[in-house]
Amino acid sequence: MPVDFYATGLNTSLTSSAITSTAFTSAAVATIDVTLNDIADIFSIKSADNTGSNLQFYVDKTKFNTNFILTNAVMITNDAQDSPVTDNNYFAQDYLRFVAKQIFGDTNGTNLFTNRTTVISGINSAFSANFNELLGYLDMSNNSLSPHTFNGTTFTMSKDLSDNYYLDNTETGSHNIVYTLFKQLEQNDSSRATSFLGNYNNGIQTFPFDVGDTITIYLTIKPNSLQYVTSKGYSQIDNKTYAIQINVTSNP
């Protein structure tokens, strides 16, 4: 049974430094595909005993950034701003069309922005910096037993006998990404979640994703406080929230 996961620890809220955006009641969806093979080794679990009550959670940051690039998530047709789409339809490009429509009443107004490339690069850089910061702290080869603080939460990694760094199931906050994914799997497909428990002699095992699973990360782009819509009165541009959805697909 496919599971729709939410990687809440990777959610991001940022403010565009050049062009702004504020009030969407639901997220616009942008998707990116990753094969089952490519996502298999990014998130891993070790059952330290056969009860399932002593779990260790691992993240491989290198494979996360190698196997797919979140900033290349493409808008689904129904959630994209007005056609025709004259670019790759990535979410940062869609954001520019959203702002143009708010300011000028038409997405063609994007042609009036002289800093389009700078704005898109700034959004992508800020988004990537946020999730890469947490992934760097969680990386199984991070070489640090010092405390880390992320979004107000302080935690310390442990190290196993193979010098791999991990968090265990006593760290229940959203920063423990693999833990939160595992708890969602338990709730939605308990047989898949428990299928590898007790196999502690097998060491670190890949997270049991399946074709059809999704992982969603929410990104909210907030308005620059200095930018306003003046064509229809003096009002601030709305926030824009994107659901960046990673789709697990079959292997080639």
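Laboratory data are not the source of any read-out in this text; all were calculated from the coordinates shown. Not measured: the values here are computed from a predicted model. We place every Cβ from the backbone using ideal geometry, glycine too, and count neighbours over all the protein chains shown.
Working from label points 7 Å from Cα in the Cα-to-Cβ sense, the A48 to Q187 distance is 2.5 nm.
Using alpha-carbon pairs under 8 Å, 6+ residues apart, how would you state the relative contact order of the stretch 49-149 in percent? Working shown, then result.
Numbers: 70 pairs, mean separation 32.6, N = 101.
Dividing the mean separation by the residue count of the stretch 49-149 yields 32 percent.
Checking the cross-link pairs K183/K222; K46/K183; K183/K240; K63/K222; K61/K240 against a 23 Å limit on the alpha carbon distance flags K183/K222; K183/K240; K63/K222; K61/K240 as lying beyond it.
Each part gets one Cα centre, and for the stretch 61-103 versus the stretch 117-174 those centres are 25 Å apart. Using only side-chain charges placed at the Cβ, +1 for Lys and Arg and -1 for Asp and Glu, the dipole size of the stretch 144-223 relative to its Cα centre rounds to 240 debye.
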